[in-house]
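In what follows, a structure is listed as structure tokens, so that the remarks can point back to it.
The values are calculated or read from the model by the stated rules, or taken from the named source; none is laboratory data. Predicted model only: the values in this text are computed from it and were never measured. Counting neighbours? That spans all protein chains shown, and the Cβs are built from the backbone with ideal geometry, glycine included.
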Amino acid sequence: MLRYLTILLVCQLVGETIVTGVQLPVPGPVLGMAILFLGLVLYRGATPGLDGFSRGLLQHLGLLFVPAGVGVVLHLQLLAEAWLPIAGALLFGTAVTIVVTGWLMQRLARSTSGGVPGR
């Protein structure tokens, strides 16, 4: 179990190190996740141990949101002051995501159906 946790944390550390060193505008954990994905592709999938550990971690994913929730509660005054820009960003971001996802799904559905109309 410790071995698999180490693999995940090393991928995150490498991502953080690259982002900090190169000043990329991407969060380090996102780059670390891409590195982990590349490793899984190169090794043709996860080992049963890594798969089991990851599933166990995902079962308790809700616990990882506790610090974020505490942070929100600690900054309620700031949220009260900036509720309009926050709400606008949430609504705009959601709308853009829906539109882009719909457009992409239509393009992918067309390309996988062989270009036959009505499929």
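Here are a few things to note about the model shown:
- Of all the listed residues (Val96, Val72), the sole one being touching a helix residue (DSSP H, G or I) at 6+ places or on another chain (Cβ under 8 Å), aliphatic (A, V, I, L, M) and assigned to a helix (DSSP H, G or I) is Val72.
- Each residue in the stretch 52-85 was checked for being within 18 Å of Tyr4 (Cα to Cα) and among the small types (Gly, Ala, Ser), and 3 of them qualify.
- Restricting Gly52, Gly32, Gly39 to those that are more than 26 Å from Thr17 (Cβ to Cβ) and either touching a strand residue (DSSP E or B) at 6+ places or on another chain (Cβ under 7 Å) or at pLDDT 85 or above (or both) reduces the list to Gly52.
- Filter result for the condition that a residue is among the small types (Gly, Ala, Ser), under 14 Å from the mean Cα position of the chain (by Cα) and either in a helix (DSSP H, G or I) or farther than 16 Å from Arg55 by Cα (or both), over Gly39, Gly32, Gly21: Gly32
- Check on Leu84, at pLDDT 95 or above, among the hydrophobic types (A, V, I, L, M, F, W, C) and surrounded by fewer than 10 Cβ atoms within 10 Å (Cβ to Cβ): yes
For (1) touching a residue at least 60 places away in the same chain (Cβ under 8 Å); (2) in the same structural domain as Gly15 (by TED's automatic domain parsing); (3) more than 25 Å from Gln12 (Cβ to Cβ), each residue gets a yes or a no:
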{"site": "Gly45", "(1), (2), (3)": "no, yes, no"}
{"site": "Pro48", "(1), (2), (3)": "no, yes, no"}
{"site": "Val70", "(1), (2), (3)": "no, no, no"}
{"site": "Val100", "(1), (2), (3)": "no, no, yes"}
